[in-house]
Amino acid sequence: MELANGKPQTRSGPECGLAKKPPEESTCFERPCFKWYTSPWSECTKTCGVGVRMRDVKCYQGTDIVRGCDPLVKPVGRQACDLQACPTEPPDDSCQDQPGTNCGLAIKVSLCGHWYYSKACCRSCRPPRS
């Protein structure tokens, strides 16, 4: 293009000199942003009382794990969890194991500390008397 009498006019390619023509497109490189990603929360470490749940927190730039994310906005990776109070009543001497609960297996795999099995298998899980 050129100005002729104050008005823009177009010229053909050969008149302008194709060798001096600037490129119509150019490539550019934009790096992906740094971003915090988190995994889902784990189960609570306790079935009663206060426990902890955890998740992975990683900084990504595109698909690469990097160290460029803002630490001031980093999501927490550990958190207290309190599902329900642990049973505290003394063992009931008259309790009976609930029918249909495999208390023998619960004892074998050390599940008596779990609140459900300590109730459902109260006789089998009762500590031996000394």
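The values are calculated or read from the model by the stated rules, or taken from the named source; none is laboratory data. What you see is a predicted model; the values in this text were computed from it and never measured. Cβ coordinates were reconstructed from backbone atoms using ideal geometry, including for glycine residues, and neighbour counts include every protein chain displayed. SASA here: full protein model, heavy atoms, side chains in, ligands and nucleic acids out. Shrake-Rupley method; radii C 1.70, N 1.55, O 1.52, S 1.80 Å.
Tabulated results
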{"read-out": "Furthest towards positive pole of dipole, T10, L83, C122, structure part the chain, Cβ charges", "value": "C122"}
{"read-out": "If the convex hull is drawn through the Cα atoms of region 1-70, its volume per residue in Å³", "value": "209"}
{"read-out": "Cα centre as origin, Lys/Arg/Asp/Glu Cβ charges: the chain dipole, Debye", "value": "240"}
{"read-out": "Label-to-label distance, nm, for residues given as E43 and L105 (7 Å Cα→Cβ offset)", "value": "1.5"}
{"read-out": "Descending semi-axes in whole angstrom, ellipsoid equivalent of the chain, from the Cα gyration tensor", "value": "76, 15, 12"}
{"read-out": "Sum of side-chain charges, C103 neighbourhood, beta-carbon under 14 Å (Lys, Arg +1; Asp, Glu -1)", "value": "+3"}
{"read-out": "Per-residue HN-Hα couplings for region 51-66 [Karplus 6.51, -1.76, 1.60; θ = phi - 60°; Hz; x = Gly/Pro]", "value": "x, 9, 10, 9, 8, 7, 10, 10, 9, 10, 10, x, 9, 9, 7, 9"}
{"read-out": "Label-point separation, Q96 to D82 (7 Å along Cα→Cβ), nm", "value": "3.7"}
{"read-out": "Highest average packing first - 40-49, 1-10, Cβ atoms within 10 Å", "value": "40-49, 1-10"}
{"read-out": "Accessible area per residue, Å², the chain with all protein chains present, probe 1.4 Å", "value": "83"}
{"read-out": "Rg in Å to one decimal, and Dmax rounded to a whole Å, for region 32-86 via C-alpha atoms", "value": "14.5, 48"}
